[in-house]
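J.: What follows is a structure written as structure tokens; I'll ask about it next.
The values are calculated or read from the model by the stated rules, or taken from the named source; none is laboratory data. This structure is a prediction, so every number in the text was calculated from the model and none was measured. We place every Cβ from the backbone using ideal geometry, glycine too, and count neighbours over all the protein chains shown.
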Amino acid sequence: MMKQWIHGLTGLKPLMLIALLFVGGCQGESDQRTDTSAPSKDDETMYTLVDLTPKTRSLSIVALGDHLIHGAVYKAAYDPTMDTYDFSKMYASICPLIEDYDIRYINFETLMAGKAYGYSGYPTFNGPSQGIDDLVECGFNWMSLSSNHSFDKGEQALLDEYHYFDRFDHVITTGVHDSFDDQSTYMVQTINGIDVGFLGYTYGLNGFILPQGKEYLVDLIDPARIENDLTNLSLISDIQLVSIHWGNEYATSPNEDQIRLANAMVGWGADVIIGAHPHVIQPYEWIKADNGNQGVVFYSLGNFLSAQDQPDPMLEAMACIELTMDTENSTITFDSIEAKPLINWIDHDFSDFRVIPFDEYDQDHVDSHELTLNGLDVSRQYYIALWNDIFPAHPIG
């Protein structure tokens with residue numbers, strides 16, 4: 001499908017309406033009485049069908065970073081009175097912020113395969129599956145399952161997590177499969193009349209090797225494979241979204257491999273690329289490929305939820321994208337691309353975790369933050385400077 005891209009701001013939202021207009025042949029007396037006699041063949045009555053079907057269709061996307069469940073996180077979520085886990089309070093402030101978006105993405109940095117595989121934190125992670133229920137209840141509907149920790153507990157744990165999502169018919173997962181047939185069946189969902197295609201990849205599995213003959217389990221970064229996937233996906237979808245696990249941990253700038261691959265993927269048909277893995281925020285970039293294709297890449301949104309013990313991983317980004325597709329000529333207009341700051345607040349002794357908008361991060365949060373108590377700088381001023389350096393187009397103050 002040949003597509004064109006426009007990067008700009010419109011704000012026009014056409015209404016859906018089909019009307020049948022009757023033009024001419026409306027003759028009558030001055031008192032407006034209707035002539036009910038049969039029309040003669042000399043009448044000039046004309047019936048014109050005017051198609052007011054909307055020529056544009058809109059799509060909105062919101063994306064959050066790494067759902068990184070350290071032992072301290074799931075222990076804080078434990079409810080001893082019910083002998084269960086409740087993560088919902090940890091991101092309750094974020095749920096209202098994402099509810100109006102069509103696609104709501106989060107990266108599964110670590111497994112949540114359940115009790116059968118033993119709960120554990122670093123270096124081989126596994127958390128309670130109740131966390132999946134809470135994320136879905138919050139509103140997330142695109143889960144990226146491919147990360148360097150996907151195989152931490154082996155094949156069956158990965159498949160159990162993958163099939164846990166079978167109970168949610170509206171949730172999209174990418175990056176993990178249970179067969180070659182499943183891997184070769186591209187995920188396409190029609191949203192607001194737009195066919196949206198989804199893909200997901202990771203750079204590796206922390207030294208774990210996929211079983212021979214089961215390479216389908218996790219989609220690994222292979223440029224030839226990604227080019228083939230995007231080429232084929234572009235034939236059956238209007239817009240292509242890619243989640244990708246890449247980059248250097250704790251680096252606030254993308255490396256050359258990220259930049260090179262991002263440009264290649266846009267050339268192959270990716271419209272939106274969402275990066276993960278560095279655990280800190282990296283900038284976003286508007287890319288125009290050599291062949292004229294255009295798209296946006298968020299190199300890293302940082303963590304969403306974690307127990308990491310340094311200041312920079314506490315600051316995270318929420319990517320907000322609104323676009324419009326012209327159905328007549330397949331033109332895609334990016335109406336809005338924005339990054340918004342969030343904070344991962346941790347109470348003393350890692351006993352409570354909350355993700356909150358930065359504008360709610362007041363001095364009380366600063367003073368009570370676990371990292372402040374450990375002598376580290378998590379002040380508003382520190383994060384304002386860090387954010388504005390990485391996202392100068394969206395400054396905060």
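J.: Can you name every residue in the range 327-353 that is touching a residue at least 40 places away in the same chain (Cβ under 8 Å) and β-branched (V, I, T)?
T.: Listed by number, the residues that qualify are T327, T331, I332, T333, I337, I343.
Rundown of residues vs (1) over 25 Å from K288 (Cβ atoms); (2) polar (S, T, N, Q), yes/no style:
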| position | (1), (2) |
| --- | --- |
| T324 | no, yes |
| I332 | no, no |
| S336 | no, yes |
| A339 | no, no |
| S351 | yes, yes |
| V355 | yes, no |
| E360 | yes, no |
| D364 | yes, no |
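J.: I've got another one for you. How many of the residues making up the range 121-144 are in a loop (DSSP other than H, G, I, E, B), more than 14 Å from I94 (Cβ to Cβ), of a type in the set (F, W, Y) and touching a Leu at 6+ places or on another chain (Cβ under 9 Å)?
T.: Residues in the range 121-144 being in a loop (DSSP other than H, G, I, E, B), more than 14 Å from I94 (Cβ to Cβ), of a type in the set (F, W, Y) and touching a Leu at 6+ places or on another chain (Cβ under 9 Å): 1 in total.
J.: Just one of Q282, Q294 is more than 30 Å from G121 (Cα to Cα) and of a type in the set (S, T, N, Q); which is it? Reasoning before the result, please.
T.: On the way: Q282 fails: more than 30 Å from G121 (Cα to Cα).
After ruling out the rest, the residue left standing is Q294.
J.: Given the structure, is V266 under 27 Å from Y85 (Cβ atoms) and either surrounded by 24 or more Cβ atoms within 10 Å (Cβ to Cβ) or among the hydroxyl-bearing types (S, T, Y) (or both)?
T.: Values: under 27 Å from Y85 (Cβ atoms): no; either surrounded by 24 or more Cβ atoms within 10 Å (Cβ to Cβ) or among the hydroxyl-bearing types (S, T, Y) (or both): yes.
No.
J.: One residue is enough: does the range 149-172 have a residue meeting the conditions in contact with an Asp or Glu (Cβ under 7 Å, 6 or more places away or on another chain), assigned to a loop (DSSP other than H, G, I, E, B), of a type in the set (S, T, N, Q) and surrounded by 16 or more Cβ atoms within 10 Å (Cβ to Cβ)?
T.: No - not one qualifying residue is present in the range 149-172.
J.: Now for a different question. Just to be sure I understand the filter: pairs with C-beta atoms under 8 Å, separated by 6 or more residues or on different chains, first member in the range 243-260 and on the phi > 0 side of the Ramachandran plot and buried (at least 22 other Cβ atoms within 10 Å of the Cβ), second member assigned to a strand (DSSP E or B) and among the hydrophobic types (A, V, I, L, M, F, W, C). Which pairs pass?
T.: From residues that are on the phi > 0 side of the Ramachandran plot and buried (at least 22 other Cβ atoms within 10 Å of the Cβ), there are no pairs.
J.: Counting only residues that are in a strand (DSSP E or B), of a type in the set (A, V, I, L, M, F, W, C) and at pLDDT 90 or above, which one in the range 45-83 is nearest to the chain's Cα centre (by Cα)? Give the steps one after another, and end with the answer.
T.: In the first step, residues of the range 45-83 are kept if they are in a strand (DSSP E or B); the result is 46-50, 56-67, 78-79.
Subsequent filtering for residues that are of a type in the set (A, V, I, L, M, F, W, C) retains 46, 49-50, 59, 61-64.
In the following step, the residues that additionally are at pLDDT 90 or above were identified as 59, 61-64.
Details: L59: 12, I61: 6, V62: 5, A63: 4, L64: 7 Å.
Going through the qualifying residues, I end up with A63.
J.: For a quick check of your reading of the model, give me the residue pairs whose first member lies in the range 290-309 and is free of Cβ contacts under 8 Å to residues at least 40 places away in the same chain, whose second is surrounded by fewer than 24 Cβ atoms within 10 Å (Cβ to Cβ), with beta-carbon atoms closer than 7 Å and at least 6 apart or on different chains.
T.: Every condition considered, the pairs that remain are D290/G267; N291/G267; V297/E285; V297/I287.
J.: Right, next: Tally up the residues in the range 105-147 that are within 17 Å of G175 (Cβ to Cβ) and touching a strand residue (DSSP E or B) at 6+ places or on another chain (Cβ under 6 Å), please. First the steps, then the outcome.
T.: Pass one, the range 105-147, residues within 17 Å of G175 (Cβ to Cβ): 105-113, 125, 132, 135, 140-147.
Right, trim to touching a strand residue (DSSP E or B) at 6+ places or on another chain (Cβ under 6 Å) and you get 105-109, 111, 113, 140-147.
Residues that pass the stated criteria total 15.
J.: Here's something else I'd like to know. Checking the condition buried (at least 22 other Cβ atoms within 10 Å of the Cβ), in contact with a Ser or Thr (Cβ under 8 Å, 6 or more places away or on another chain) and in contact (Cβ under 8 Å) with a residue 24 or more places away in the chain, which residue from I274, I239 passes? Give the derivation first.
T.: On the way: I239 fails: in contact with a Ser or Thr (Cβ under 8 Å, 6 or more places away or on another chain).
The unique qualifying residue is I274.
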